[in-house]
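First up is the structure itself, then whatever we jot down about it.
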Amino acid sequence: MTKRDSIRSNFSLPELTYRVWKVWRRNFDVFMKTYKVNFFPPMLEPIFYLLGFGLGLGAFVSQNIPGGSLIKFIAPGLVSMSIMYSAFFECTYGSFVRMYYQKTFDAIIATPISMEEVIAGELLWGATRSLISSSIVLCVVAAFGLISSPLVLLIPFVAFCGGLMFSGIAMCFTSLAPNIDFFNYPAFLFITPMLLLGGTFFPLPQAAQLPATVFLPLTNVVLLNRGLMFGNLDTSLLINIAWIIPVTIVFFILSINAMKKKLIK
Amino acid sequence: MAIDTLIEARGLTKKYDDFLAVDNIDFEIYRGECCGFLGPNGAGKTTTIKMIHCVLPPASGSLTVVGLSVSEKAREIKKMTGVAPQEDNLDPDFSVITNLSVYARYFDIPKNAAIKRAEELLRFAQLEEKRDVVISQLSTGMKRRLILARALINEPQILLLDEPTTGLDPQGRHLIWDKIRTLKKQGVTIILTTHYMDEAAALCDRLLIMDNGKIIEEGTPAELVKKHIGEEVLEVDFDEDEMKLLKDKFPLARLEVVSDRIHVFTNEPHGAFESYIRDFPRKGAIVRTANLEDVFLKLTGRKLRE
């Protein structure tokens with residue numbers, strides 16, 4: 001295989017059937033078995049953030065913040081954070097454990113389900129986790145009275161699509177991971193800085209806005225969610241949508257091919 | 001293709017980077033037989049099994065299952081095949097019964113039929129009492145039986161068993177053997193790999209012996225023993241004089257010294273060693289029936305393969 005063929009094979013379209021949902025369903029069944037652990041902590045975490053950053057730190061912030069207060073400003077950030085975290089951790093640590101320690105992928109591909117379908121099912125499950133967690137956070141934020149537009153009902157769509165994007169990115173890291181500790185690199189050097197510097201907790205200065213939008217997936221998700229939560233529809237949101245959709249598609253395809261290459265020698 | 005050939009390999013090869021795991025092999029598996037792949041670690045047995053059930057693509061050569069090519073018709077082949085892998089890949093997130101019902105879902109078996117089938121298989125594998133237990137609480141033997149039960153969920157016509165009894169106690173092994181014999185009577189074609197020669201002799205109609213990625217010998221267990229070893233083996237404690245004496249007495253025999261014992265292999269008919277022992281009584285001398293282990297060690301050598 002020439003180098004060019006090898007690069008092209010990373011982008012070949014996977015053959016997927018309805019069986020993808022059987023993989024998704026397996027993960028969903030496991031999730032529902034331990035639903036208390038899965039629903040309760042994601043509900044409490046945003047409360048601590050809202051209290052600590054929003055009310056606590058917010059009381060010292062005197063500058064003019066878009067939205068009127070820090071607590072209101074970070075609310076869509078927390079929703080976006082849960083979208084990123086759920087998908088990222090599900091498709092790195094979660095998928096790695098199923099692949100490497102539990103050999104679940106091996107068991108599934110001995111049935112009529114293909115490896116491509118297993119990975120696609122994992123990605124869709126990661127997106128579903130994002131949808132579930134961010135919906136919980138959205139309810140908490142609503143209970144704090146921080147929502148001011150019915151457009152918020154569109155956020156679950158952003159959550160699923162954004163979740164699928166982070167799942168694809170995460171799965172690419174999984175395809176590169178020689179062992180589970182490897183995920184310290186993306187978690188500490190990619191996810192955490194993006195969360196802290198991507199416009200989640202403070203408004204980005206003018207000069208940082210363009211590079212953040214171009215390079216950081218989270219920034220695009222945050223801007224979209226903030227617009228929907230406060231009903232500030234702006235044409236710039238179209239740029240965020242136009243960014244998220246192709247990136248999601250590319251990483252979906254790329255990660256499936258990369259995992260297939262890793263697992264089927 | 002003959003009517004009863006179920007699986008056919010021609011020039012089948014598998015390469016990992018520079019390592020030839022399976023090197024240009026030809027073989028057939030016939031409908032309804034139990035065929036054993038024997039060979040030291042790294043001989044290529046598991047790789048061959050994985051190519052048959054379409055999870056590893058062959059590098060070259062052809063491999064067909066019921067006339068379908070493994071590279072083109074993977075789904076169809078996997079639908080009619082059951083696999084019990086070497087390592088435990090049961091789903092630790094589920095109970096025993098859910099392991100079976102979730103696995104049934106992968107085969108598109110409707111829910112009610114799946115539960116019914118799963119209950120039958122639990123009875124078959126003698127795991128009814130463990131129905132709702134989580135996997136971590138099962139013993140090794142129970143896990144092996146559950147893996148066998150899971151491999152049967154789609155009522156396969158071909159069953160691939162990769163070291164089905166490794167690590168089991170004698171009771172556990174005999175129970176699995178019993179199940180394998182029952183399945184064979186039901187007409188399931190069985191392919192198994194094993195390191196236990198007694199297992200191969202007890203279960204297999206035909207054996208393929210592999211070493212370094214090649215098939216070096218094939219035949220029924222009895223044929224192989226007769227061809228390579230003969231009927232009986234004489235074992236005597238080692239000393240130089242004894243060695244000389246044996247060489248004089250059995251000039252055509254193959255003598256091998258293993259941990260201070262001389263093993264004498266010859267084609268002489270039954271009874272030749274008896275009279276030798278009677279004429280020259282020796283401490284520790286025994287005459288035993290030749291077995292597959294003798295064949296295996298003769299063909300693959302005594303060197304460790306790790």
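Within region A:215-228, is there a residue that is farther than 21 Å from A:Ser130 by Cα and of a type in the set (D, E, K, R)? Looking through region A:215-228, none of the residues is farther than 21 Å from A:Ser130 by Cα and of a type in the set (D, E, K, R). Taken over region B:62-72, residues that are surrounded by fewer than 19 Cβ atoms within 10 Å (Cβ to Cβ), in contact (Cβ under 8 Å) with a residue 12 or more places away in the chain and within 14 Å of chain A (Cβ to nearest Cβ) amount to 1. All of B:Leu224, B:Leu208 fail the test of being buried (at least 19 other Cβ atoms within 10 Å of the Cβ), within 21 Å of B:Glu8 (Cα to Cα) and at pLDDT 90 or above, apart from B:Leu208. Restricting region A:1-24 to residues that are within 14 Å of chain B (Cβ to nearest Cβ) and free of Cβ contacts under 8 Å to residues at least 60 places away in the same chain, which is farthest from the chain's Cα centre (by Cα)? It comes out as A:Met1.
Of the candidates A:Lys72, A:Lys22, A:Lys33, the single residue that is over 26 Å from A:Ala142 (Cα atoms) and at pLDDT below 95 is A:Lys33.
Looking at this structure, is A:Val247 buried (at least 22 other Cβ atoms within 10 Å of the Cβ) and either out of contact with any Leu (no Cβ under 8 Å at 6 or more places or on another chain) or of a type in the set (Lys, Arg) (or both)? In short, no. Among the residues of region B:43-57, just one is in a loop (DSSP other than H, G, I, E, B) and under 15 Å from B:Phe296 (Cβ atoms), namely B:Ala43.
Is region B:46-57 home to any residue that is of a type in the set (D, E, K, R) and either touching a helix residue (DSSP H, G or I) at 6+ places or on another chain (Cβ under 9 Å) or farther than 22 Å from A:Lys103 by Cβ (or both)?
Initial filter on region B:46-57 (of a type in the set (D, E, K, R)): B:50.
This time we only want the ones that are either touching a helix residue (DSSP H, G or I) at 6+ places or on another chain (Cβ under 9 Å) or farther than 22 Å from A:Lys103 by Cβ (or both), so: none.
The answer is no; no qualifying residue exists.
Close contacts from region A:159-178, counting a first residue that is farther than 21 Å from A:Met229 by Cα and a second that is of a type in the set (Lys, Arg) and surrounded by fewer than 24 Cβ atoms within 10 Å (Cβ to Cβ), with Cβ to Cβ under 6 Å and a gap of 6+ residues or different chains, come to A:Ser175/A:Lys262.
Among the strands (runs of 3 or more DSSP E) confined to region B:191-306, the ones with at least 1 residues that are closer than 30 Å to B:Met51 by Cα and in contact with a Leu (Cβ under 8 Å, 6 or more places away or on another chain) are located at B:206-211, B:214-219.
Apart from one condition, A:Leu154 fits all of (1) more than 25 Å from A:Val250 (Cα to Cα); (2) at pLDDT 95 or above; the exception is (1).
The values are calculated or read from the model by the stated rules, or taken from the named source; none is laboratory data. A quick note: this is a predicted structure, and the numbers were derived from the prediction, not measured. For neighbour counting, all protein chains shown are included, and Cβ atoms are generated from backbone atoms with ideal geometry for every residue, glycine included.
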